[in-house]
Every structure is written in structure tokens, then in C-alpha cells.
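Undergrad: There's a structure below that I have some questions on.
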Amino acid sequence: MKSVNQSPEFLKSLKKNIIRLIVCILFPTTLPAVLFSQRPAQFIRMGEEAEATGKIAEAFSLYEQAYELDTTNFEATLHYAKGALLSKDYLLAEKLFTKVYSKDSGKLFSEGLFWVAMMQKHNGHYEEAMRNFKKYAKKHKKKGEYTYEKSLREIESCTWAINYKSVSDSLIFHPLEENVNTAESENAAFLFGDRFYFSTYRNDGEREAWSMMSATWDGSAAKDPAVINIPNLGDNMANLSFGQNDEVYFTYCPKNGLCSIWKAMLKEGSLFSAEQVAGLNAPSANTTMPCFTVIQGFSYLFFSSDRAGGEGGMDIWYSREKNGEWSEPINAGNTINSRDDELTPFYST
């Protein structure tokens, strides 16, 4: 699946400033110090290579090793913070970005405070996050600049979250058991009849892939989850959505390829007659996370895509079926879409 950790513009901004940092750092001139400083740099280079090929866990491990070699190394600390962010270890990322910012107050890495605030928001520290977003926006006020505009939106989000904390509701959240949830990623879960469907990512060292899963639901737990098989298609499938008459839609992402939306017939736990949905996928973009629904008697597919013509990153698009064919996809517009990623659309009738 396409990584949805942060939008391309979000990470591009971070990478740009890391490059600036590398250029600015002055290395010691004595030979022993040079040799020592090169050791973290070697792990950082290997980590960047792993990250470029989508091996986030490997990149995180290499950044961690660079940091452990020299915990005072600014560049190693920053890469380790970035690795924690990409791995969704937001508590560690907050700690590390705070350490980065406390060292230079944004002189070498100008976005340090912004990332501290982002991690504070992820960790539910809304008051602290809002203060730091305001401080960053005041210091870096530049209309059209991504991090400045993002800070303004995040201030609104933090305000809403702070106000909502005082609202009383009856919602109770329970994590599902280990037969569903793992140390990796699970998403796109829903109930359909007495079956529980979800997508899961597995990386056991030999096999790294997404799979669609089906389990029996007994009212409080999922029982006996099993992979939904698709003959002759391979791995990396997720985001199942039921259409009509046993027809289902799903995402297929071939290894090192772009994601596209497919359809098939579901029978006895397996998918048959799988094929790409004609007219929906873009040749040079990801098309993923389908959601089938019926609105006023017409069939619609909502999905996420980073194709041209959007607001930026992954946007929500939709298509309507007419006479057995899907219409040219339409962008849902800037009321819904932004410069960041919009994902997992869902429409309930």
C-alpha cells in the first residue's frame, strides 16, 4: 500500500531541511574525531537508502544505531527523530524532536518547533501543541509556506480537541485481541453480516505484504481470522469494499508498483474473476481505498488517489456507475481535500 504516514509535501519539507542541516554542520578537524563522526554518517546513509526503497523498519533501525554511536550528534538525532515519526512511534519522536529543538532553537533545523508541536498533538498534548504551533507561526509567518499554513490548520484542530475533551459521551473503546492486532499495521476494518473484515500488514523477514482478512464475529471478538485468497494475483491486497450481488472492490499494489482498484466475486472465502476496474485507475498514480455505496439509486465508488488535478498528496475522488460503466473520476473538492493526504473515504446511507 502507499504509505500514509505523512503527505509527500509534508515529508519533502522535512527532508529539505535535513539536507540544509548536513551542509551547515562543521565537522571536527582532528583525525580521531573525524573517524568517529563518520561512523554515525555511515549508518545514516544506509538508513536513507533503506527509506528510499520503502523499508521503514530497516531505516529506523539504522538511524537508531547512528544515534546510539553518538547521542550528541545533531544529524543522527534528527534522523532518528524522523525514523520514529515514519514508524509512528510518536512518543519517541516527540522526545527526539524536542532534543533537536532544544539544541539550536531552530537555527540549523528551522522546522524543529513545528515538528515538536506535531508530535505533541499526536500524543494528545493539545495545549502544549497549540502554544508551539502559535509560536512557530508567529516566527515563520509566510503566506503559502507549507509549515506556516499547516500550523494555522493545526491550531484550529487543537482548539477543537481541547473543547471536545470537556464533552461527555458514552463511547467506550476496546482493542481487539492479538489474533487481529499485531505490532505491524491493521486497518480498513468493518462488519458485514456475521463476518469481520480487515486488512493487515505482515513482515516476518521472509514475506512483506498486505493481506485482506476475514473472521467470524461473535458480538465482541473476531474468531479464526484467515487470509482471503485470490488465485494467481499474489500479495499486497487490502481495503475490501462490498458492492452488489457478491461483487467486491479492493486495492492491489504489485511489488514496487502503483496501487490500483480491482473487482472480483467473493465465494466461500476466496475471490474469483479478479480484474482492474475499467476507467477508474490512472496510469501514473496510486488509486486505492475504494468505498462502494448507493446514493439515490445510483452506484458510486469513492476512493483515494494522488493523480494529477487534485489539491495535493492523496485526495478523495469519486465515480458514478451508469449503464455498467464507471464515469470519469471527479475530485471531491477543497472542502474535503487539502494539501495533505485524505484517505479511507466512507459514505453511509
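Undergrad: What ³J(HN,Hα) values, in whole Hz, does the Karplus curve 6.51 cos²θ - 1.76 cosθ + 1.60 give for the range 146-151 when θ = phi - 60°, with x put for Gly and Pro?
TA: Karplus values, whole Hz, x for Gly and Pro: 4, 5, 5, 4, 5, 4.
Undergrad: For the range 46-201, would you read off the P(r) tail past 23 Å as a percentage of all alpha carbon pairs? Mind showing how you got there, number by number?
TA: Numbers: 6321 of 12090 pairs.
I get 52 percent for the Cα pairs in the range 46-201 exceeding 23 Å.
Undergrad: Here is a further query. Over the range 191-349, what per residue volume does the convex hull of the Cα atoms give, in whole Å³? Display every interim value, and only then the final one.
TA: Working: hull volume 22.9 nm³, N = 159.
Spread over its residues, the Cα hull of the range 191-349 gives 144 Å³ apiece.
Undergrad: Further, regarding this structure: Using 0.36 nm per residue, how much length does the chain from H122 to I295 gain when fully extended, once their Cα-Cα distance is taken away? Display every interim value, and only then the final one.
TA: Working: separation 173, 0.36 × 173 = 62.28 nm, distance 3.47 nm.
Using 0.36 nm per residue and subtracting the Cα-Cα distance, I get 58.8 nm.
Undergrad: A further question on this structure: First obtain the Kirkwood hydrodynamic radius of the chain from its Cα pairs, then insert it into the Stokes-Einstein equation at 20 °C and 1.002 mPa s, and state the resulting D in µm² per second as a whole number. Write down the numbers at each step before the final one.
TA: Values: Rh = 22.5 Å.
Taking Rh from Cα pairs, D becomes 95 µm²/s.
Undergrad: Efficiency by 1/(1 + (r/R0)^6): what FRET value for F272 and Y201, r their Cβ-Cβ distance, R0 = 22 Å, to the nearest 0.05? If you can, show how the numbers build up before the last one.
TA: On the way: r = 24 Å, r/R0 = 1.11.
Once the sixth-power term is evaluated, E becomes 0.35.
Undergrad: Using all alpha carbons of the range 237-328, what is the percent of pairwise distances in each 5 Å bin, ordered from the shortest bin to the longest?
TA: Distribution as computed: 3, 14, 25, 26, 19, 10, 3, 1, 0 percent.
Undergrad: For the pairs K138/K165; K121/K141; K134/K165; K103/K150; K139/K165; K103/K143, note any where the Cα-Cα span goes beyond 22 Å.
TA: Working: K138/K165 26 Å; K121/K141 20 Å; K134/K165 20 Å; K103/K150 24 Å; K139/K165 29 Å; K103/K143 28 Å.
The answer is K138/K165; K103/K150; K139/K165; K103/K143.
Undergrad: Taking R0 as 35 Å, what's the FRET efficiency between V227 and S157 from their Cβ-Cβ distance, rounded to 0.05?
TA: On the way: r = 37 Å, r/R0 = 1.05.
After rounding, the FRET efficiency stands at 0.40.
Undergrad: Now for a different question. Full-extension gain between F242 and S327, please, as 0.36 nm times their residue separation minus the C-alpha to C-alpha distance. Provide the component values of the computation, followed by the final result.
TA: Values: separation 85, 0.36 × 85 = 30.60 nm, distance 1.90 nm.
Using 0.36 nm per residue and subtracting the Cα-Cα distance, I get 28.7 nm.
Undergrad: Return the sequence-ordered ³J(HN,Hα) values of the range 300-312 in whole Hz as given by the Karplus equation 6.51 cos²θ - 1.76 cosθ + 1.60 applied to θ = phi - 60°, using x for Gly and Pro.
TA: 10, 10, 9, 7, 10, 7, 9, 5, 5, x, x, 8, x
Undergrad: If the cut-off is a Cα-Cα distance under 14 Å, which aspartates and glutamates reach K267, setting aside same-chain residues fewer than 8 apart in sequence?
TA: D246, E247
Undergrad: Each residue of the range 164-171 in turn: what ³J(HN,Hα) in whole Hz from Karplus with 6.51, -1.76, 1.60 and θ = phi - 60°, glycine and Pro shown as x?
TA: 6, 4, 8, 7, 8, 9, 9, 6
Undergrad: If you consider only alpha-carbon coordinates, what radius of gyration and Dmax does the range 219-276 have, in Å?
TA: Just the Cα atoms of the range 219-276 yield Rg and Dmax of 12.2, 39 Å.
Undergrad: For n ≥ 4 DSSP H runs only, could you compute -39500 (n - 2.57) per run for the chain, divide by its residues and tell me the 222 nm figure to the nearest 500? Don't skip to the end; give the middle numbers.
TA: On the way: 8 runs with 125 residues, N = 349.
Helix contribution divided over all residues of the chain: -12000 deg cm²/dmol.
Any read-out appearing in this document is the output of simple, stated calculations on the displayed coordinates, not a laboratory observation. Worth saying up front: this structure is predicted, and the values here are computed from it rather than measured. Methodologically, a virtual Cβ is constructed for each residue, glycine included, from the backbone with ideal geometry; neighbour enumeration extends over all protein chains shown.
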